[in-house]
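> Have a look at the structure that comes next, please.
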Amino acid sequence: VTVGDDALTILRRHAAPYLNGDERTRADDLWQQARLLIAAAAKREEQFHTWQQNEYLQAVRQIEGALITTFDLTGVCEVLTSALPRLGIPACSVALFESAGHADAQARLILAYHDEHVVELPADGLLFPARQLVPPDVFPRNRRYNFVVEPLYFRTEQLGFTLFEVGPRDGSVYEGLRTTLSSALQGALLLRRVNAHAAEIAEQKYILETFMANVPDNIYFKDRESRFTQ
């Protein structure tokens, strides 16, 4: 609005000496109408911006709700890629540090997405030096990219990092996604460790039971108070 008013003021000042009485009156009417049009356009732009911000916030909340109820890495990636078009984010990548907390080591790319297309990766991800941010040739080279790089962490544990190609101009959109994505990844990684530990315990139990069932001698177990437990 200020820029438009300033332009009209300058135009009026330079044109006024060349206008007679009737022409000046008519010109004043036109300038006043122009000021009203500029004010109306500015109000519509402000209303649209407010509506757009509300749409982004609603979309982010829905994504957050879906992510916090997903407990595997594949599901987290699927939720994220399905939400990016709605947010107007053209490209994204997610990488986890190979060694937790070692940001200067290697990272494993678990998701790469661009132009509503998910890049096919190996089942266990793609290993690359973390300092590169993304492996070569993952994204097409036929255009320029402007990325927002967000660290992924839970409390003091560094998990990895994500790249969002700039879409919305509101930085809180990327920050909100980073926070929720970090929590979802932490939950998925924790569940994977629990499952791996449970599988290890089950294997050890199977080996022990198989051994006991096939040795010719009797084997028994007692606790510290000499009570038979098995």
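The values are calculated or read from the model by the stated rules, or taken from the named source; none is laboratory data. What you are looking at is a predicted structure, and each value in this text was computed from that prediction instead of being measured. Backbone-built Cβ (ideal geometry, glycine too); neighbour counts: all protein chains shown. Each accessible area value is taken on the protein alone, full model and side chains, heavy atoms only, with ligands, DNA and RNA left out. Shrake-Rupley method; radii C 1.70, N 1.55, O 1.52, S 1.80 Å.
Residues checked against (1) in contact with an Asp or Glu (Cβ under 6 Å, 6 or more places away or on another chain); (2) at pLDDT 85 or above:
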residue	(1), (2)
PHE147	yes, yes
GLN158	no, yes
GLY171	no, no
GLN204	no, no
ASP217	no, no
TYR220	no, no
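> Would you mind finding the one in ARG169, ARG131, ARG141, ARG108 that is charged (D, E, K, R) and under 22 Å from ALA196 (Cβ atoms)?
On the way: ARG169 fails: under 22 Å from ALA196 (Cβ atoms); ARG131 fails: under 22 Å from ALA196 (Cβ atoms); ARG141 fails: under 22 Å from ALA196 (Cβ atoms).
After ruling out the rest, the residue left standing is ARG108.
> Give the stretch 160-173 a look and list any residue that's among the aromatic types (Phe, Trp, Tyr) and free of Cβ contacts under 8 Å to residues at least 60 places away in the same chain, or say none.
The answer is none; no residue qualifies.
> Still on this structure, I have one more. Quick check, is ARG35 open to solvent by less than 100 Å² (accessible area, probe 1.4 Å), of a type in the set (Lys, Arg) and either at pLDDT 75 or above or farther than 24 Å from ASP170 by Cα (or both)?
Details: open to solvent by less than 100 Å² (accessible area, probe 1.4 Å): yes; of a type in the set (Lys, Arg): yes; either at pLDDT 75 or above or farther than 24 Å from ASP170 by Cα (or both): yes.
Against the criterion (open to solvent by less than 100 Å² (accessible area, probe 1.4 Å), of a type in the set (Lys, Arg) and either at pLDDT 75 or above or farther than 24 Å from ASP170 by Cα (or both)), ARG35 qualifies.
> Quick test for you: out of ASP6, ASP29, pick the one residue that is more than 30 Å from ARG193 (Cα to Cα), surrounded by fewer than 12 Cβ atoms within 10 Å (Cβ to Cβ), at pLDDT 80 or above and not polar (S, T, N, Q).
Details: ASP6 fails: at pLDDT 80 or above.
After applying the criteria, what remains is ASP29.
> Give the residue that is nearest to the chain's Cα centre (by Cα), with candidates limited to residues of the stretch 211-230 that are surrounded by fewer than 10 Cβ atoms within 10 Å (Cβ to Cβ) and assigned to a helix (DSSP H, G or I).
ALA213
> Which count do you get for residues in the stretch 177-190 that are open to solvent by 10 Å² or more (accessible area, probe 1.4 Å), under 10 Å from the mean Cα position of the chain (by Cα) and farther than 20 Å from HIS114 by Cα?
2
> If you don't mind, another one. Of all the residues that make up the stretch 46-63, how many are surrounded by 19 or more Cβ atoms within 10 Å (Cβ to Cβ) and either over 16 Å from GLY167 (Cβ atoms) or modelled with pLDDT of 85 or more (or both)?
Within the stretch 46-63, residues that are surrounded by 19 or more Cβ atoms within 10 Å (Cβ to Cβ) and either over 16 Å from GLY167 (Cβ atoms) or modelled with pLDDT of 85 or more (or both) number 0.
> Could you list, in sequence order, all residues of the stretch 191-210 that are open to solvent by less than 100 Å² (accessible area, probe 1.4 Å) and either among the small types (Gly, Ala, Ser) or closer than 29 Å to GLY75 by Cβ (or both)?
Those that are open to solvent by less than 100 Å² (accessible area, probe 1.4 Å) and either among the small types (Gly, Ala, Ser) or closer than 29 Å to GLY75 by Cβ (or both): LEU191, VAL194, ASN195, ALA196, ALA198, ALA199, GLU200, ILE201, ALA202.
> A further question on this structure: Exactly one condition in (1) of a type outside the set (Asp, Glu); (2) closer than 16 Å to ALA188 by Cβ; (3) modelled with pLDDT under 85; (4) surrounded by 18 or more Cβ atoms within 10 Å (Cβ to Cβ) is false for CYS77; which is it?
(3)
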